[in-house]
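Visitor: This is the structure I have questions about; it appears just below.
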Amino acid sequence: MAGARKSVGARVGRLLFEVLLLAAIGWWLTAPRTIDALPEHVPDAAAGERIFHASGCASCHATPVDGRRATGDARRLLGGGAGLASPFGTFVAPNISPDAHDGIGGWSMLEFVNAVQRGVSPDGRHYYPAFPYTSYARMRTEDVMDLKAYLDTLPPVSGKADSFRLAFPWSLRRGVGLWKWWNLDVAPVVTTEPPDAVVERGRLLVEGAGHCGECHTPRGRFGGLDYSRWLAGAPSMDGEGRVPNITPVGKGVAGWSAADIEYYLESGFTPDFDTVGGDMVAVQENMAALPAEDRAAIAAYLKAVPPIE
Amino acid sequence: MQKSSLCLVALLAAISTAAMAVANEDPRVQRHELMEGVRDAAKPLGGMLRGTVEFDADTVAASLATFSEAASTFGSLFPEGSETGMDTQATAAIWSDRDGFDAALAKFASVVEQAQAAAPASLDAAKPVLGPIFQACKGCHDDYRVEKD
């Protein structure tokens with residue numbers, strides 16, 4: 001009798017142990033992982049302005065004016081509030097102005113770098129990948145530090161952006177940690193042999209700061225990018241239309257010269273003088289603000305990526 | 001036998017003509033064709049601005065006339081019931097934000113009118129009046145055109 005009772009107790013104990021072990025593994029797997037130390041670099045605000053345009057910060061974080069996308073000087077007011085629709089729900093961009101209370105004015109450089117490149121907030125929570133840190137992870141950390149120096153020069157905006165809530169199970173932020181195991185990778189997507197300095201400059205802009213793949217690459221069921229179809233076009237996240245294939249195939253970029261791509265990014269006109277449209281208008285205006293050699297580097301990179309039908 | 005097949009051909013021809021007439025009257029087809037005309041008219045002007053096409057005042061005037069005509073009729077081609085179908089590239093915002101759409105279209109009409117009044121005779125004179133027209137195209141496509149492959 002006593003032996004049987006003991007074995008039931010032992011079984012319950014073992015089950016409890018297994019549940020706790022699984023919970024511990026799950027907790028460990030979903031834990032935020034951060035960068036511990038910054039590279040030796042003196043942040044340069046002027047250089048950071050270029051990164052600001054390349055990264056498209058204002059496209060999401062500039063506070064809309066009368067319900068419309070901010071343009072001109074209003075793009076310097078990063079109070080947040082713009083919505084980003086997705087199949088998982090609508091995300092709202094937060095205030096990233098240097099306001100000490102409502103924005104990111106109180107953040108240290110390391111906290112900023114971890115937010116941008118690892119998707120981890122200063123209080124150790126995961127950001128949803130609507131904030132494209134899986135792309136920003138491929139930036140040079142020195143560039144991210146320059147970016148913060150530039151953001152610090154912009155006007156503080158008071159007021160927090162609206163909060164948002166996704167449907168279960170996406171509402172469990174901690175689960176983003178598991179997602180990051182599969183989707184957060186700092187390795188280049190495309191490399192050329194032999195290495196080419198111009199293509200590499202373009203790679204940092206397209207794969208990193210410009211986060212082009214976030215819209216131009218299709219996503220799997222859980223929202224991770226399908227790298228086998230890198231830049232090969234995807235359904236639009238907001239449900240209307242398609243984001244085009246920008247690999248060198250078919251009627252798209254294959255028929256465009258590098259000069260055509262540069263001119264498109266500078267002016268917004270295709271070689272047929274059709275205009276840029278949709279969300280790409282804001283992107284193109286950011287690209288137009290870059291130095292010409294950056295647009296040339298982007299064009300060189302796009303000519304170098306593998307063609308995918 | 002021959003007679004009946006001839007009749008059949010005639011009947012088919014009549015049906016297809018009627019179908020084409022219906023299709024041509026569909027606002028989704030009309031507005032698409034109108035925009036294609038605008039794009040074709042814009043192409044040489046874009047080339048002049050980019051420096052790949054030589055400036056020609058007559059071509060500019062002809063294109064501006066095409067723009068002006070399009071600006072006056074385009075707004076009437078978005079009736080209720082034409083929101084979807086036939087591969088339309090109109091966004092839902094045209095109907096949900098009709099005032100914004102009308103304002104964007106009015107902006108296009110006004111910069112075209114200014115360019116016509118200026119009647120530019122040189123590339124240097126054309127640049128400042130053609131630039132805003134292209135910006136108006138882009139400004140409207142920003143919110144009111146769906147992008148496709």
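Visitor: For B:THR73 and B:VAL53, what does the FRET efficiency come to when R0 = 41 Å and r is the distance between their Cβ atoms, rounded to the nearest 0.05? Don't skip to the answer; put the middle values down first.
Guide: On the way: r = 27 Å, r/R0 = 0.66.
Once the sixth-power term is evaluated, E becomes 0.90.
Visitor: Between region A:34-70 and region A:75-135, what is the separation of their alpha carbon centroids in Å?
Guide: 10 Å
Visitor: What Rg and what Dmax come out for region A:63-161 when only alpha-carbon atoms are used, in angstroms?
Guide: 13.4, 36
Visitor: Highest GNM mean-square fluctuation, chain A, Cα pairs closer than 10 Å: which of A:LYS180, A:LYS160, A:LYS148?
Guide: A:LYS160
Visitor: One quarter of the convex hull surface, Cα atoms only: what value does that give for the protein assembly as shown in nm²? Could the numbers behind the result be given before it?
Guide: Working: hull surface 146.7 nm².
Mean projected area of the Cα convex hull: 36.7 nm².
Visitor: For the pair A:VAL92/A:ASP162, report the inter-label distance in nm, with labels modelled 7 Å from Cα in the Cβ direction.
Guide: 0.5 nm
Visitor: Roughly what would the spin-label model give for A:GLU266 and A:SER108, points 7 Å off Cα along C-beta, in nm?
Guide: 4.4 nm
Visitor: For an R0 of 30 angstrom, estimate the FRET efficiency from the Cβ-Cβ distance between A:ALA37 and A:SER171 and round to the nearest 0.05. All intermediate terms of the calculation are to be shown ahead of the outcome.
Guide: Working: r = 33 Å, r/R0 = 1.11.
Between A:ALA37 and A:SER171 the formula returns 0.35.
Visitor: Just tell me how shielded A:276-283 is by partners: mean number of partner chain Cβ atoms within 10 Å of each residue's Cβ, no decimals.
Guide: Working: counts 6, 13, 10, 2, 3, 7, 1, 0.
That average works out to 5.
Visitor: Taking the Cα centre of each part, how many Å lie between region A:186-259 and region B:52-94?
Guide: Each part reduced to its Cα centre gives a spacing of 31 Å.
Visitor: While we're here: From other protein chains only, count the Cβ atoms within 10 Å of every residue's Cβ in A:68-75, then give the mean.
Guide: Across the residues of A:68-75, the mean count of other-chain Cβ atoms within 10 Å is 1.
Visitor: Which entries in A:LYS180/A:LYS251; A:LYS160/B:LYS148; A:LYS303/B:LYS127; B:LYS43/B:LYS107 show an alpha-carbon gap greater than 29 Å? Numbers along the way, then the final one.
Guide: Numbers: A:LYS180/A:LYS251 35 Å; A:LYS160/B:LYS148 35 Å; A:LYS303/B:LYS127 31 Å; B:LYS43/B:LYS107 20 Å.
Table pairs above 29 Å Cα-Cα are A:LYS180/A:LYS251; A:LYS160/B:LYS148; A:LYS303/B:LYS127.
Visitor: What are the residues whose amide H is under 5 Å from the amide H of A:ASP152, where those residues sit 5 or more places off or on another chain and H is modelled from the backbone?
Guide: none
Visitor: A further question follows. Taking only complete DSSP H runs, can you tell me which helices of chain A stretch 20 Å or more along their own long axis by Cα positions and average at least -1.0 on the Kyte-Doolittle scale?
Guide: Values: long enough: A:2-29 (40 Å, 0.95).
Helices passing the filter in chain A: A:2-29.
Visitor: For a quick check: with amide H placed at 1.01 Å from N, whose amide H comes under 5 Å from A:ALA70's, ignoring anything fewer than 5 positions away on the same chain?
Guide: Long-range HN contacts for A:ALA70: A:VAL65.
Visitor: Could you work out the relative contact order of region A:45-183, using alpha carbon pairs under 8 angstrom and six or more residues apart, expressed as a whole percent?
Guide: Details: 247 pairs, mean separation 41.9, N = 139.
Computed over region A:45-183, the figure is 30 percent.
Visitor: Follow-up. With contacts defined as alpha carbon pairs under 8 Å and 6 or more residues apart, what's the relative contact order of chain A in percent? Working shown, then result.
Guide: Numbers: 538 pairs, mean separation 54.4, N = 309.
Reported as a whole number, the value is 18 percent.
Visitor: Can you pull the percent of region A:197-304's accessible area that's carbon plus sulfur, 1.4 Å probe, other chains left in place?
Guide: Values: 2350 of 4120 Å².
Roughly 57 percent of what the probe reaches on region A:197-304 is carbon or sulfur.
The values are calculated or read from the model by the stated rules, or taken from the named source; none is laboratory data. Being a predicted model, the structure only gives us computed values, none of them experimental. Don't worry about glycine lacking a Cβ; one is built from the backbone with ideal geometry, like all the others, and counts go over all protein chains shown. Only protein heavy atoms, including side chains, enter the accessible area calculation; ligands, DNA and RNA are left aside. Shrake-Rupley method; radii C 1.70, N 1.55, O 1.52, S 1.80 Å.
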